[in-house]
1. So which residues in region 388-419 are among the aromatic types (Phe, Trp, Tyr) and within 16 Å of the ligand (Cβ to nearest atom)?
2. Output the qualifying pairs, or none if there are none: Cβ atoms under 8 angstrom, residues six or more apart or on different chains, first residue in region 441-455 and within 15 Å of Tyr382 (Cα to Cα), second residue outside any strand (DSSP E or B) and among the β-branched types (Val, Ile, Thr).
3. Please work out which residue is surrounded by the fewest Cβ atoms within 10 Å (Cβ to Cβ), limiting yourself to region 154-187 and to residues that are small (Gly, Ala, Ser) and within 25 Å of the chain's Cα centre (by Cα).
4. What's the total number of residues in region 316-340 that are without any contact (Cβ under 8 Å) to a residue 60 or more places away in the chain and in contact with a helix residue (DSSP H, G or I) (Cβ under 6 Å, 6 or more places away or on another chain)?
5. Please return the ranges of helices (runs of 4 or more DSSP H) entirely within region 187-263 where 3 or more residues are under 29 Å from Gly136 (Cβ atoms) and away from the ligand (no atom under 16 Å from the Cβ).
6. If you check Asp317, Asp385, which single one turns out to be over 16 Å from Val415 (Cα atoms) and within 16 Å of the ligand (Cβ to nearest atom)?
7. So Leu379 clears everything in (1) within 24 Å of His55 (Cα to Cα); (2) among the hydrophobic types (A, V, I, L, M, F, W, C); (3) surrounded by 24 or more Cβ atoms within 10 Å (Cβ to Cβ) except one condition, right? Which one?
8. Counting only residues that are under 30 Å from Asn237 (Cβ atoms), more than 16 Å from the ligand (Cβ to nearest atom) and at pLDDT 95 or above, give me the helices (runs of 4 or more DSSP H) lying completely in region 87-174 with at least 1 of them.
Amino acid sequence: MKTTSTLSALLLSLLILFSFQAHSQAVEMASASIDISQLIDKAEMANRVKTEFLHAWNGYKKYAWGYDALQPLSKKPHNWYKKSLLMTPVDAFDTMILMDLTEEAKETKELIFKNLDFDVDMDVQNFEVSIRILGGLLSAYELDGDRRFLSLAEDLAKRLMKAFNSPSGMPFRYVNLKTGATSGEISNPAEIGTYLIEYGTLSKHTGNPEYYNTAMKAMAALYELRSPINLTAEGINVETNKVTNPVSHISGCIDSYLEYMLKGSILFNDKQLTAMWKPTIEAVNKYLADQSNDTLWYGQSDMYTGKRTSTKYGALDAFFAGTLAMDNDLKRAEALQNSNYLMWKQNGVEPESINYKTMKVENGSYILRPENFESVYYLYQYTNDQRYLEMGKKMFENLVKSCRTHEAYTAIQDVRTMEKKDYMESFFFAETLKYAFLLFDDSGKLEFHKVIFNTEAHPYKRG
Ligand code: DMJ
């Protein structure tokens, strides 16, 4: 009996020793794979991204020069409204500067000063025109220095500001650039609270505080409509000041309101925003986060009860890993970026939305969205972890494989079949390729910690 138990003890020790060695080997292998990742040639990757930017840009130039955007499959130009606002050129300009595409930047600048005119009788979507055009003109001014960019920005802002002419100070969704007429009272937090970074930057450069105050008033009015547990509604009526849809989440329609609360507090050192951000992020993490073991997602909940209403997550939500990193919550940021990458990898390119409980695709389209690249870039900046270079490289290669056309880049109708869709968004130039490029770029032309990006990836200097 004694001999048997001594033998079993010996066997057990051998087993423990063996599994310990196996574990050490596994750890060594894991670190070896990290060493391999260090072989990523960042300069070569940055150059590859730049080459693809040029490929897409040349397609735009050839078939849609002067229009808002290109439809790459039919090779037709597209305008958002009756007259072009040069969505693609204005959105793309600062990426050209950062990529040192001097010739392209020069001809784009000439096009902008020759053709961009806001004195047009047409209703535009305040949010989209603000983040893309006003946002692009302001970063163009900061990077290029030509005061004509600032004049255009101020002319546009004066027209768009009419949208804020509501009883609450929260903007209507649409405004006529010539007459100032407004429409669209049923709005959402993203379209109400995503102006502060642009308007504050404009106030800084013009010395006129009215822009900052207008954006801040709208944001504060929106914040007042939070629920007693500090969650934000998806739907708001800016005329009646009432909630029209009580669902809360971090996704499209709310996303950039959260982003601007944090970024605004940093860029302008605004204590009111810091005081708003603290209870907001606590509520988001308490009622929207869905965590099990090391896995983190953010779902949708009722703003009054905090009860989960859906386990939908998608391409737009992916920005939040970067926001968490910026808020010094690296633990959640890294966990969420793992989920983002999982969502991307599952089909080779991320879909618009999935159910994170079943991992089933709910909406299979991919419209060249940037948020996953954005968060990879942020995470790499905050951690210096080579894993994020690996992620970015893989995602970029997938993008090239699935979205590249003979003469440009295009959206995907459904990532399950990879059938293509005929549109190239301006944010592909402003954001997706910019973040992919900056992830690998070591030129020092843009110092991450010295800028804040607007939600369309247009960078503004801090301080
Ligand atoms: C961009 O226009 C902005 O990033 C916006 O905040 C959300 N959606 C698109 C990109 O996906």
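1. The first filter runs over region 388-419 and keeps only residues among the aromatic types (Phe, Trp, Tyr), leaving 388, 396, 409.
Residue satisfying the conditions is Tyr409 alone.
2. Ile452/Ile197; Ile452/Ile266
3. Going residue by residue through region 154-187, those that are small (Gly, Ala, Ser) are 157, 163, 166, 168-169, 180-181, 183-184, 187.
Going one step further and asking which of them are within 25 Å of the chain's Cα centre (by Cα), we end up with 157, 163, 184, 187.
On the way: Ala157: 25, Ala163: 31, Gly184: 16, Ser187: 26.
Checking each candidate, the answer is Gly184.
4. Here the count works out to 10.
5. Because the criterion is at least 3 residues that are under 29 Å from Gly136 (Cβ atoms) and away from the ligand (no atom under 16 Å from the Cβ), the helices (runs of 4 or more DSSP H) in region 187-263 that meet it are 196-206, 210-224.
6. Working: Asp385 fails: within 16 Å of the ligand (Cβ to nearest atom).
Result: Asp317 is the single residue among Asp317, Asp385 that is over 16 Å from Val415 (Cα atoms) and within 16 Å of the ligand (Cβ to nearest atom).
7. Only one criterion in (1) within 24 Å of His55 (Cα to Cα); (2) among the hydrophobic types (A, V, I, L, M, F, W, C); (3) surrounded by 24 or more Cβ atoms within 10 Å (Cβ to Cβ) is unmet by Leu379, namely (1).
8. Values: elements: 87-98, 102-115, 126-129, 135-144, 147-160.
It comes to 147-160.
The values are calculated or read from the model by the stated rules, or taken from the named source; none is laboratory data. These numbers were taken from a predicted model, which means no experiment stands behind them. Please note: Cβ atoms are built from the backbone with ideal geometry, for glycine as well, and neighbour counts cover all protein chains shown.
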